[in-house]
Each structure stands twice: as structure tokens, then as C-alpha cells.
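The values are calculated or read from the model by the stated rules, or taken from the named source; none is laboratory data. Model, not experiment: these values are computed from the prediction. Virtual Cβ from ideal backbone geometry, glycine too; neighbours counted across all protein chains shown. To get the accessible areas, we keep the full protein, side chains included, count just its heavy atoms, and leave off ligands, DNA and RNA. Shrake-Rupley method; radii C 1.70, N 1.55, O 1.52, S 1.80 Å.
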Amino acid sequence: MSAGPRPRALVVTPDGPARRLAVRTLEAAGYNTLETDDSRQALHLLIDHGERLAVAVVGAQLPIMAGHHLADFVRRFFPQLPVVEIGGGEASPFSAETILEELARAS
């Protein structure tokens, strides 16, 4: 018997190690992930998949559109979608444990 579809997460950060950590953490927690290092691609993924996403993990230092602007876009156009921002200061999650804590807080 199948447990049903897994929730889907979008991970957006140009920081390769942070992106890989977020993807591994989310997949270990049962999420399917979409990932990109580019805010323009993230906008396309949001338009195509936004209604089916369970969470967006957004890095601060994105090219083209700053991470906080992308997070604001998500909150405005996908208000049901929790956003976890990473890479924006000392309080930002960089470990698997803190990513999961931020996810629980954002949900």
C-alpha cells in the first residue's frame, strides 16, 4: 500500500553546498525537491509548480533578484506556501537540524 504522494519543495540558492544540504535534508524528511541556483528559473518553477509545492527554501544571495525579494514574491502570490530563508545572517539555517526547525516554524 502506498503512503501517497510525497510533498514537494523548491530550493533556490546559488550556494552549491547550502543547496545540496537543503536538498538532502528535505529528501531525508520525505520531500521531493526541485532545485535551482537562479531566481529567474525559480520564478518559472513557481509558476509551473507553485500550487503543488509544500515549502520554498530561498537563499539570500541570488543573482538577478535578491532572495528576500523572491521570498516576498512567494508570500504575496502563494500565501499558502511556507518560505524558509537561508544565508541571510547568523540566524540563517546551515545545518540539517536548523533547516528542519525553520521548516517546522514556517509551516
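List of remarks:
- Extending 7 Å from the Cα toward the beta-carbon at both GLU97 and ALA66 defines two label points whose distance is 3.1 nm.
- Given charges at Cβ of Lys, Arg, Asp, Glu: the chain dipole, positive-most of PRO5, GLY87, LEU100: PRO5
- Normalised per residue, the accessible area of the stretch 1-76 is 55 Å², obtained with a 1.4 Å probe and no contribution from ligands, DNA or RNA.
- Solvent-accessible area, 1.4 Å probe, carbon plus sulfur percent, for the stretch 1-46: 50 percent
- Distance histogram in 10 Å bins (all Cα pairs of the chain, percent per bin): 16, 54, 27, 3, 0
- Within the chain, helix-based [θ] at 222 nm, where runs of 4 or more DSSP H residues each add -39,500 (n - 2.57), nearest 500: -13000 deg cm²/dmol
- Extension gain, ASP48 back to ARG6 (0.36 nm per residue minus Cα-Cα distance, nm): 13.4 nm
- Label positions at ALA106 and GLN80, each projected 7 Å from the Cα along the C-beta direction, are separated by 1.8 nm.
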